[in-house]
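Novice: One structure follows; several queries about it will come next.
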Amino acid sequence: MPVPESAEMPATGRAALPGVDAVLRFSGTAAVVDRFGRAALVAAVRERLGAVRAAIGDDEGAPDAGWFLAAAVADLESLRAGAVERVINATGVILHTNLGRAPLSGEAVRAVVAASGYSTIELDRANGGRGSRTAHAAMLAARLTGAESAHLVNNGAAALLLAVAALSAGRTVIISRGELIEIGGSFRLPEIIAAAGAELREVGTTNRTRISDYARAIDGRTGVILKVHRSNFRMVGFTEDAGLADLVALGRTHGVPTMFDAGSGLIDAPYAPALGDEPPVRDAVASGVDLVLFSGDKLLGGPQAGLIVGHADPVAVCRRSPLARALRIDKLQVAALEATLAAHLLDNASAALPAVEMLQRPIVELKKRARTLVQRSLERENQAPKLRALSLVGAVGGGASPDVQLESFGVAIVTHDPDRLCLLLRSQSPPVVARISEGQVILDLRTVAPEEDEELLRAILQATNQLEGQYAPRAGRVG
Ligand SMILES: *Cc1c(COP(=O)(O)O)cnc(C)c1O
C-alpha cells in the first residue's frame, strides 16, 4: 500500500523512507526506464532502499524519493561503466597495491589503446607469418638492464614460478632462511617454490646466512641458488648476508645456476636517490647472476608484468618451458611495457612515468598546492571545511623500500567523524582515497596530480557538506 505523503509523515528513521512506488512515480522516471529498462530500475531502487533501511538510525534524516531515484541511476550508470574507475590517490603511497600500483604514462596509455584493436602483436611484417609478441619489449628490457636476453610474463610471481620450474623442477632450491618472504598476502615464497615442483633447501638462520651455509647445501640434487630481495621488511641489528657476487662465484664453481628475485624493478640508483637499499637491477645483472626477476608495475613504473632478464641460455630455458604459455603476458601489457621501457631507455623516465615523477616531486611545490587548497576552501562563504596545510610522511609502497619515508605535504581536514568522512570521500566521483591520522583525515598531495587539485577540492567540499547534512550513503555502485 502506498504511503500517504502527509504532513504527519515522520521526518527521520526507517518509517520516513519512501516506498518503491513513490520513487517510480517521481518525475523523470520515464527517461530512466527508457535508458535502463523498468526491471533494472526497480531492482536498483530496491537495493538502495534495503541498504538505507539497514543502516539508517531512528533520528537520522531520511532521503526522499528523488534521492533514491538519483542514487539508483548512479548505480545503474556505474554498473554499465564497470567496477574499475579512476580514483584520486591522496594516500601519499605511490605504488598503492589497492589502487593499481604504478599509474601508466601517457605514451603507455596510447600504446594500450592502439593495441586494443587488431594490432601487429604477433605479426611478422616481413613474411606475413606469425611473429613473437614479446620480441621487441624483451629486446628493450635486455638493453635497459644490460642483460643478454629477456623473457616477459604476466607478473612478478609468474616470473619466479616459471624460472624455478624451468631451472629446478624435481630438484632443490637453496635459499636463506632470512629470505622466505610473504608479499601482499598471497605471494609466499615457499609455496611458489613448491608449486613450481621444486624442493626448498633452507640454509642459515633468520638473521645470518653465510656463503659457507650455501656451499654446504650444494649436492647432486641442487637445481638453483636463489637470492630474494626482502622487499617489504628490513632487518636491523646482528645480521649477515651472502652477497650476489659471492653466490655467483659459488654457483660457477659447482656448475649451479643462480637467480635473484629483485622485486621492485629499480633500474639504477640515480632516478630515485631516496630509495634506500633497493637493489638496482643493472647492478644485479652486472654481478653475473644467471637470472634477475622483477615486476613491471613497481619502481619500473609500468604495467603489471614480470621480467626475467639474464644470460641467454637460462632465459631460453624459461621461454621453452610448457608453463611459459600459461604465464604469458597479455598484449595490452606488452604495449604499455614497450612504452615504459622506451621512456627509461630514452632517459625520460622522470618526466614521462608518473610513479618516477611523483618520487621526485619537490616539497616546495607540494607545499604551495596545499596552501592554495586551504585558501580556496576559505573562499566558500558558508560551511567552509576546516582545512589546514601540514607536512607529512609518505611511502613508496608496492612492497618496496618500507624504511624509506618520503617527506611530503598535504592538507588535514578537521572533523568529528574521520571514518565517515573518508567513506564520503570515497563516495565522490571520482572517489578520493585518504588516510586517517590522529583523528584527522589526511590528504597527501605527492600522489595527487596537480591537474586533480580542482576535483579534489570539489570532493572535499561535497563530502564535508554531506557529513554535516543528512544521511548520505555512497552514490556509487550496487552492493
Ligand atoms: C612484489 C614482489 C614479487 C611479486 O611480484 P608481483 O608483480 O606482485 O607478482 C615477488 N618477489 C619480490 C621480491 C617482490 O618484491
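Any read-out appearing in this document is the output of simple, stated calculations on the displayed coordinates, not a laboratory observation. Quantities reported herein were computed from a predicted structural model and do not represent experimental measurements. So basically every Cβ, Gly included, is an ideal-geometry build from the backbone, and we count neighbours across all protein chains shown.
Novice: Using R₀ = 22 Å, calculate the FRET efficiency as 1/(1 + (r/R₀)^6) where r is the Cβ-Cβ separation of Thr206 and Ala245; round to 0.05.
Specialist: Plugging the Cβ-Cβ distance into 1/(1 + (r/R0)^6) gives 0.45.
Novice: Separate question: Indicate the gyration tensor shape class of the range 225-375 (rounded, prolate or oblate), computed on the Cα atoms with a ≥ b ≥ c the square roots of the eigenvalues: a/c under 1.5 is rounded; otherwise a/b larger than b/c is prolate and the rest oblate.
Specialist: Oblate.
Novice: Nearest 0.05, what FRET efficiency do Ala51 and Arg86 give at R0 = 22 Å with Cβ-Cβ as r?
Specialist: In this case the efficiency is close to 0.35.
Novice: Considering only DSSP beta bridges where both residues belong to the range 165-308, give the percentage that are antiparallel (nearest 5).
Specialist: 25 percent
Novice: Taking amide H positions as placed 1.01 Å from N in the peptide plane, with prolines and chain starts having none, which residues 5 or more places from Glu240, or on another chain, fall under 5 Å of its amide H?
Specialist: Under 5 Å from the amide H of Glu240 lie the amide H atoms of Arg208, Thr209, each far enough along the sequence or on another chain.
Novice: Over all directions, average the projected area of the Cα convex hull of the range 273-355 and note it in nm².
Specialist: Taking a quarter of the hull surface, the average projection is 6.3 nm².
Novice: Roughly how far apart, in whole Å, are the Cα centres of the range 411-446 and the range 289-324?
Specialist: That distance is 39 Å.
Novice: Hey, got a sec? Which GluC sites (Glu not before Pro) in the range 427-462 land in a DSSP loop and have at most 16 other Cβ atoms within 10 Å?
Specialist: Glu438
Novice: Right, next: Kindly express, to the nearest 10 degrees and within the range 0 to 90, the angle between helix 244-254's C-alpha long axis and the longest C-alpha principal axis of the chain.
Specialist: With rounding to tens, the tilt is 40 degrees.
Novice: Can you give me the relative contact order of the chain as a percent, contacts being Cα pairs under 8 Å and 6 or more apart?
Specialist: 20 percent
Novice: Still on this structure, please answer the following. Taking the alpha-carbon distance from Lys227 and a cut-off under 26 Å, which lysines remain once sequence neighbours fewer than 8 residues away in the same chain are dropped?
Specialist: Reachable lysines: Lys298.
Novice: May I ask you to compute the full-extension gain from Glu438 to Asp268, defined as 0.36 nm times their residue separation minus their alpha-carbon distance, rounded to one decimal in nm?
Specialist: This chain segment gains 57.5 nm when fully extended.
Novice: What are the principal axis extents of the Cα atoms in the range 119-211, in Å, biggest first?
Specialist: That gives 55, 27, 27 Å along the principal axes, largest extent first.
Novice: May I ask for log10 I(q)/I(0) of the chain at q = 0.09, 0.14 Å⁻¹, from a Debye sum over the Cα atoms as equal point scatterers with solvent left out?
Specialist: For the chain at q = 0.09, 0.14 Å⁻¹, log10 I(q)/I(0) is -0.75, -1.25.
Novice: On to the next question. What order do you get for 31-38, 217-224, 388-395, 77-84 when each peptide is scored by the mean count of other beta carbon atoms within 10 Å, highest first?
Specialist: The packing order, highest mean first, is 388-395, 217-224, 31-38, 77-84.
Novice: Right, another one. What number comes out for the charge environment of Glu107, summing +1 per Lys or Arg and -1 per Asp or Glu over other residues with Cβ under 15 Å away?
Specialist: -2
Novice: Using alpha carbons only, how many angstrom separate the centre of the range 334-380 from the centre of the range 130-152?
Specialist: Comparing the Cα centres of the range 334-380 and the range 130-152, I get a distance of 28 Å.
Novice: A follow-up question, please. Estimate the FRET efficiency between Glu148 and Arg110 by the formula 1/(1 + (r/R0)^6), using the beta-carbon distance for r and 35 Å for R0, to the nearest 0.05.
Specialist: 0.70
Novice: I've got another one for you. Taking 0.36 nm per residue of separation and subtracting the Cα-Cα distance, what length does fully extending Arg388 through Leu346 add?
Specialist: Difference between extended and current length: 11.1 nm.
Novice: Could you tell me which of rounded, prolate or oblate describes the range 173-244, using a ≥ b ≥ c as the square roots of the eigenvalues of the alpha-carbon gyration tensor, with rounded for a/c under 1.5 and, failing that, prolate when a/b is larger than b/c and oblate otherwise?
Specialist: Because a/c hits 1.5 or more and a/b fails to exceed b/c, the range 173-244 counts as oblate.
Novice: Additional query: With everything on Cα atoms, drop me the angle between helix 38-55 and the longest principal axis of the chain, reported from 0 to 90° to the nearest 10.
Specialist: Roughly 90 degrees, rounded to the nearest 10.
Novice: Further, regarding this structure: Give the shape of the range 47-203 as rounded, prolate or oblate, defined through the alpha-carbon gyration tensor: a ≥ b ≥ c are the square roots of its eigenvalues, a/c under 1.5 means rounded, and otherwise the shape is prolate if a/b is larger than b/c and oblate if not.
Specialist: oblate
Novice: Using each residue's phi in the range 102-111, evaluate 6.51 cos²θ - 1.76 cosθ + 1.60 at θ = phi - 60° and report the 3J(HN,Hα) Karplus result to the nearest Hz, with x for Gly and Pro.
Specialist: 6, x, 6, 6, x, 4, 5, 5, 4, 5
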